[in-house]
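Have a look at the structure below before the remarks.
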Amino acid sequence: EYMTFLDAGKTERLCAAETVRLAEQAGYKPLVRGQALKAGDKVYVCNRGKSVLLAHIGTKPISKGAQITAAHIDSPRLDLKPNPLYEDTELAYFKTHYYGGIRKYQWVTIPMELHGVVALTDGRTVTVNIGGDDGDPKLVITDLLPHLGQEQNKKTLAEGIMGEQLNLLLGSKPVSGEGSDRVKLSVMQLLNEKYGITEDDFTSAELEAVPAVKATEIGLDRSMIGAYGHDDRVDAYPALMAEIGTKSPAYTSVCVLTDKEETGSDGVTGLNSMYTFHFLQQLCAGQGADYITACKAAKCLSADVTAAYDPTFADAFEPDNGTYAGRGVAIYKYTGSRGKSGTSDASAELVSYLTGLMDANSVVWQIGEMGKLDLGGGGTVAKYVANQDIDTIDIGVPVLSMHSPFEIVSKADVYMAYLTFKAFCEDAE
Ligand code: MN
Ligand code: MN
């Protein structure tokens, strides 16, 4: 089921739409501002088609606490530039601008598909899907052949492929007749036939190129899943399943599936926006509860992927504090770079609460850090929740080849993440 979810939601918009579909199927209704809420009510808000908030009202008042899970549904990818289409030497291309932290050399010579929307001047929004369906043609970024690679080989890995070289190959067949840019014109004609768009419409478009590979089992033992976008749908999906699977929770459960984590959580659909906290305020208002009291009593599991220890690149890791694929869901007391910069450092008391809950529910877990201290690091959405006076801790599924076009997770870890979110949503203590 998780693999089906991955294939259905390769962009934040597609993932949000699939989430809303599953939520409505489970009886969740759109939250109406000012609506009174009582135990058992199931409500959701979809923020601008890119992030989704769900809540199941508990039997205890929200002033006694809420159990919040937060994950993100955007993933590293290649967005189209505002003026993307060009022709060079009878080949047509889209220029891209990478979204999130990618190692650019990994994104060449693999099949890609394009998803997104174009907002037209007449008010309509056209949904674009090129390569997403079986039998569709795909797009690709080329690389230099080894026979002529001598100069490129001298560059560092970071410089071998540069941002301006990430151009998607679109077509090679010109329209008949005379004149320049006839391949580009041919591509534009095909887009116009299928979507009714013209070249000017690219300026009001959000088009995202993602790997055209389906989720697949990995290993002779089928113990792992390879896919694009585990980060962070591998936490979002189990959190969503726990949210919609919990029957009559004691504490109100809230599931936050946010956007824009990979670019730093800024923007109207990111967790640095107030949208999630406006939702919490409305949950409080619906029960006549005090928002500040509710925040102080709430707990949040900030669920994001962690780096799985990779023995092939052992130098990057600190083995005693690594997190390992197949050893269960990982707890990160803190994240951040170097001297814990940008972290939300969870309290010892909150770690103890979580490990106690996991132990009581036979969840296999591990605790660690991302890798060697001075190599870099990274952050999550935890700090944006914690900044609202809500106790927050990072947990997540370890991933091999994180941020690559094809990431790997252990099935057992995904299941342990689900058991953790389930125990958290069902906690009545
Ligand atoms: Mn992530
Ligand atoms: Mn990430």
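Every number here is computed from the coordinates shown, using simple stated rules; none is lab data. Bear in mind that the values here come from a model prediction, so they are computed numbers and not experimental data. Please note: Cβ atoms are built from the backbone with ideal geometry, for glycine as well, and neighbour counts cover all protein chains shown.
Okay, here's what the table says:
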item	result
Cross-link partners of Lys173 among lysines (Cα-Cα below 22 Å; sequence separation of 8 or more within a chain)	Lys95, Lys138, Lys184, Lys194
Mean-position separation - Cα centroids, segment 259-281 and segment 51-103, in angstrom	11 Å
Sorted by Cβ neighbour density within 10 Å, fewest at the top, the residues Lys383, Lys38	Lys38, Lys383
Mean-position separation - Cα centroids, segment 366-406 and segment 182-225, in angstrom	30 Å
Within segment 1-75: Cβ-based charge dipole about Cα centre, in debye rounded to nearest 20 (Lys, Arg +1; Asp, Glu -1)	400 debye
Placed amide H near Ile367: partners under 5 Å, 5+ positions off or other chain	Ile331
Helix runs (DSSP H) in the chain reaching 20 Å along axis by Cα, Kyte-Doolittle at least -1.0	230-245, 411-426
Residue-by-residue Karplus 3J(HN,Hα) for segment 137-153, coefficients 6.51, -1.76, 1.60, Hz, glycine and proline x	x, 10, 10, 7, 10, 8, 9, 6, 6, x, 4, 10, x, 4, 6, 4, 4
Rg to Rh, two decimals, where the chain supplies the alpha carbon set and Rh follows Kirkwood	1.00
Per-residue HN-Hα couplings for segment 206-218 [Karplus 6.51, -1.76, 1.60; θ = phi - 60°; Hz; x = Gly/Pro]	10, 10, 10, 8, 9, x, 8, 10, 8, 4, 9, 6, 10
Set of lysines near Lys372 by C-alpha distance (under 30 Å), chain-local residues within fewer than 8 positions excluded	Lys104, Lys154, Lys155, Lys260, Lys299, Lys333, Lys340, Lys383, Lys411
Exposure proxy ranking, count of Cβ atoms within 10 Å, fewest first, for Glu243, Glu369, Glu426, Glu217	Glu217, Glu426, Glu369, Glu243
Helix-only CD estimate at 222 nm, as mean residue ellipticity for the chain, using -39500 (n - 2.57) per DSSP H run (n ≥ 4)	-7500 deg cm²/dmol
Contour minus Cα-Cα distance for Thr4 and Thr203 (0.36 nm per residue)	68.4 nm
Calculated over segment 1-129: convex hull of Cα atoms, volume per residue (Å³)	176 Å³
Relative exposure of Leu114, Leu166, judged by other C-beta atoms within 10 Å (fewest first)	Leu166, Leu114
Förster radius 30 Å - calculated FRET efficiency between Asp266 and Asp315, Cβ distance, rounded to 0.05	0.35
